[in-house]
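Here the structure comes first, spelled out in structure tokens, and everything after it is commentary.
Just so you know, all these numbers are worked out from the coordinates, no wet-lab data involved. Here the structure is a predicted model, which means the values were calculated and not measured. When we count neighbours, we look across all protein chains shown, and the Cβ atoms used for this are built from the backbone with ideal geometry, even at glycine.
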Amino acid sequence: MAGNTGGSLEKYRTILRKSQIEDQNALLGLHALAYVVVNAVWILLVLNLVPSRYRWIAFYPVVGWGLLVFIHWWFYVRNVDKLCKFREERALAGPAEGGAQTSF
């Protein structure tokens, strides 16, 4: 019975990682959709309401948010496997020394 536990744990980890990958891809899709919709409305408003000499300012939020979408992809989609491994190692290590311990 004890030999079966290791296989079950690895199967659980594999399923959890696949679930994390699917979740992060879905969240990135929502993030990208919000980025496109909000920035399209933003650009349309700026083009229609702001004098032409100030329209270039409208691209700061587009570039800034685009950088955040890229960071989201880089850390949470591209490296999701590393993130899962890090979380597993941290969970198996237990509470940090000197940290607050919770008893139930």
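Odds and ends about this structure:
- Spin-label model distance (nm) - ASN48 vs LYS85, 7 Å beyond Cα toward Cβ: 5.1
- Calculated FRET efficiency for the pair SER19/ALA93, C-beta based, R₀ 22 Å, to 0.05: 0.50
- In the chain, the alpha-carbon atoms span a convex hull of 169 Å³ per residue.
- Under the convention that each Lys and Arg Cβ holds +1 and each Asp and Glu Cβ holds -1, the size of the dipole of the chain around its Cα centre is about 280 debye.
- Comparing GLN24, VAL63, TYR76 along the charge dipole axis of segment 9-81, the residue lying farthest to the positive side is VAL63, per the Cβ-charge model.
- Principal-axis tilt of helix 2-49 within the chain, Cα atoms, nearest 10 degrees: 10
- Here the relative contact order of the chain, from alpha carbon pairs under 8 Å that lie six or more residues apart, stands at 38 percent.
- Residue-averaged [θ]222 nm for the chain, counting only DSSP H segments that reach four residues, each worth -39500 (n - 2.57): -26000 deg cm²/dmol
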